[in-house]
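Only one structure is covered here, and it is reproduced in the block below.
The numbers here are math on the coordinates, done by the rules we state, and not lab data. It should be emphasised that the depicted structure is a prediction, and the values quoted were computed from it without experimental measurement. With ideal geometry, Cβ positions are generated from the backbone for all residues, glycine too; neighbour counts draw on all protein chains shown.
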Amino acid sequence: MATTQKSDTQKSDTQKSDTQKGEQSGGRGFAGMSEEEQRKIAAKGGKAAHEKGTAHEFTPEEAAEAGKKGGEAVSEDREHMAEIGKKGGEAVSEDREHMAEIGKKGGEARRTG
C-alpha cells in the first residue's frame with residue numbers, strides 16, 4: 001500500500017493559499033483567524049469584562065495621555081493629515097454664511113491695516 005505525502009513545495013503552496021485567505025501561517029487558534037474574526041471575539045471579551053465590572057476604567061488623565069499619544073502617531077502620516085484637512089476645508093466651504101463672515105473679517109482687516 002502506497003502512502004502519499006505532500007512535498008515541501010506542495011506544503012508551502014497550501015500555506016500560501018491559507019495566508020492569502022487572510023489566515024496566519026499554521027491556521028490554528030486565534031492567530032490563525034482573520035483580523036475581523038479576532039476583533040469580534042475581542043469585542044465580546046471587552047463587553048463581558050465591562051458587564052462583570054472587571055474592565056479597566058480610564059481616569060480623565062489616562063484618557064488624555066492616550067489621546068495625545070494617538071494624535072501624535074496619526075499626525076506623523078502627512079498624507080493622511082492632508083486628506084483630513086482637505087475634507088475639513090470642503091465641509092467648511094459648503095457653509096456659505098460662515099464663508100461670508102470670514103470674507104467680511106478679511107476685508108475689514110485690510111481696510112484697517
Near pairs, Cβ below 6 angstrom, 6+ apart or cross-chain, from region 27-38 (surrounded by fewer than 14 Cβ atoms within 10 Å (Cβ to Cβ)) to any residue that is not aromatic (Phe, Trp, Tyr):
31/24; 34/22
All positions within region 39-63 that are loosely packed, with under 10 Cβ neighbours inside 10 Å and either outside any helix (DSSP H, G or I) or polar (S, T, N, Q) (or both)
53, 54, 56, 57, 59
Could you give me the residue pairs with C-beta distances under 7 Å whose first residue belongs to region 77-93 and is under 16 Å from residue 103 (Cα atoms), whose second residue is assigned to a helix (DSSP H, G or I) and among the aliphatic types (A, V, I, L, M) wherever it lies, and which are 6+ apart or on separate chains?
93/99
